[in-house]
Amino acid sequence: MKLLGTQTSPYVRKARLVLLEKNIPHEYVIDPPTEPGSLVLRVNPLGRIPALILDDGFCVFDSTVIADYADTLNDAPILIPRNDTKARLRVKRWEALADGIMDSAIVARNESLRPAVQQNAATLDLHNQAVSHALEYASGLLGENAWCEGESITLADLALVSALIYLDLRQSERDWRGTHANLAAWFERISARPGVIASNAA
Ligand SMILES: N[C@@H](CCC(=O)N[C@@H](CS)C(=O)NCC(=O)O)C(=O)O
């Protein structure tokens, strides 16, 4: 299978981390949708990354569907609980929280790239506040636990680390480590995982 993406997309990182953590053989192809001739424009009608092309040509999108699918391919580890419906719900809610941080950070980034006179301060504020509130919520939920959910790594950890790496890239002025020491300590540990380190390289 082939994963199409870019190094900056947090959704791509999340999907890639799932494949890496589960040791699922795949080819990672840098394929920015903004490039004319990009493969993703031909395989995903939405023209978005990540897109996962299976060996039979079937294209899986978006990152949540890729993560769900990839998690069924083996049990080492199980990233989305299968039998405990409440635990599964908690993991999927973590994923939604992390994806929401990515969504808002991307809106804020796009707004900030507009010429200063055209920037909408209310939009910037709304989305930056959403990121702040979501981080506060994540910090409270994590507490002093080693993992976002349960006693081992899940999709929740992979989604959250992807969102935080994106914040470091696009909002380096945001001192989330200063405001949420528990998230900072958790991030240090997760970032040392071979999968996360591998995801930093193309
Ligand atoms: N909800 C989607 C979001 C995917 C998405 O928006 N990807 C962005 C990259 S961060 C994209 O491909 N945008 C197309 C473009 O910028 O042309 C997912 O989780 O996969």
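Run the dipole for segment 122-202 about the Cα centre, Lys and Arg Cβ at +1, Asp and Glu Cβ at -1, nothing else charged, and hand back the magnitude in debye, nearest 20. Working shown, then result.
On the way: 5 positive and 10 negative charges, 44 e Å.
For segment 122-202, the charge dipole is close to 220 debye.
With every protein chain present, what is the per residue accessible area of segment 2-71 (1.4 Å probe, Å²)?
Values: 3180 Å² over 70 residues.
For segment 2-71, the per-residue accessible area is 45 Å².
Normalising by the residue count of the chain, find the relative contact order in percent from Cα pairs under 8 Å and 6+ residues apart. Intermediate results must be reported in sequence, preceding the final value.
Numbers: 264 pairs, mean separation 46.3, N = 202.
The normalised contact order for the chain reaches 23 percent.
Put +1 on the Cβ of every Lys and Arg and -1 on every Asp and Glu Cβ in segment 2-71; which of 49, 8, 18 then has its Cα farthest towards the positive end of the dipole?
The one lying farthest along the dipole's positive direction is 8.
Considering only DSSP beta bridges where both residues belong to the chain, give the percentage that are antiparallel (nearest 5).
Working: 5 of 9 bridges.
The antiparallel fraction comes to roughly 55 percent.
Once you've got the GNM for the chain with C-alpha springs shorter than 10 Å, pick whichever of 129, 171, 118 has the biggest mean-square fluctuation.
So, out of 129, 171, 118, the one fluctuating most is 118.
With charges set only on the Cβ (+1 for Lys and Arg, -1 for Asp and Glu), what does the dipole of the chain come to about its Cα centre, in debye to the nearest 20?
Working: 20 positive and 25 negative charges, 26 e Å.
Here the size comes out at about 120 debye.
Of all accessible surface on segment 23-159 at a 1.4 Å probe, what whole percent is carbon and sulfur?
Details: 4100 of 7580 Å².
Of the solvent-accessible surface of segment 23-159, carbon and sulfur hold 54 percent.
On alpha-carbon atoms, Rg over Rh for segment 2-71 using Kirkwood Rh?
With Rh from the inverse mean 1/r over Cα pairs, Rg/Rh is 0.92.
What do you reckon, how do 187, 58 stack up by accessible area (1.4 Å probe), largest on top? Show your work: numbers first, answer last.
Values: 187 15, 58 125 Å².
Of 187, 58, the descending order of accessible area is 58, 187.
Determine the sum of side-chain charges near residue 43: Lys and Arg each +1, Asp and Glu each -1, restricted to other residues whose C-beta is under 10 angstrom from that of residue 43.
Details: positive: 2, 42; negative: 31.
Once all neighbours under 10 Å are counted, the net charge is +1.
Suppose the chain between residue 89 and residue 145 were pulled fully straight at 0.36 nm per residue; how much longer would it get relative to their current alpha carbon spacing? All intermediate terms of the calculation are to be shown ahead of the outcome.
On the way: separation 56, 0.36 × 56 = 20.16 nm, distance 1.80 nm.
That pair, residue 89 and residue 145, stretches by 18.4 nm at full extension.
Name the residues whose placed amide hydrogens come within less than 5 Å of the amide hydrogen of residue 6, ignoring near sequence neighbours (fewer than 5 apart) on the same chain.
Placed amide hydrogens put 31 under 5 Å from residue 6.
Out of 179, 85, 64, any idea which swings most in a Gaussian network model of the chain, alpha carbons joined below 10 Å?
Looking only at 179, 85, 64, the biggest GNM fluctuation is shown by 85.
Top to bottom by accessible area (1.4 Å), largest first, where do 191, 63 land? Mind dumping the intermediate values first?
Values: 191 30, 63 5 Å².
So the residues, ranked largest to smallest area, are 191, 63.
Taking the Cα atoms of the chain, what is the range of coordinates along each of the three principal axes, in descending order and whole Å?
48, 45, 29
Extension gain residue 75-residue 24, at 0.36 nm per residue separation less the Cα-Cα distance, in nm?
Details: separation 51, 0.36 × 51 = 18.36 nm, distance 1.09 nm.
Extra length from residue 75 to residue 24 when fully extended: 17.3 nm.
If you only keep lysine pairs separated by 8 or more in sequence, or across chains, how many in the chain come under 17 Å at the Cα atoms?
Values: 2/14; 2/22; 14/22; 14/92.
For the chain, qualifying lysine pairs total 4.
The values are calculated or read from the model by the stated rules, or taken from the named source; none is laboratory data. The shown structure was predicted, so the numbers you read here are calculated from the model rather than taken from an experiment. Methodologically, a virtual Cβ is constructed for each residue, glycine included, from the backbone with ideal geometry; neighbour enumeration extends over all protein chains shown. Note: areas computed on protein heavy atoms with side chains; ligands, DNA, RNA excluded. Shrake-Rupley method; radii C 1.70, N 1.55, O 1.52, S 1.80 Å.
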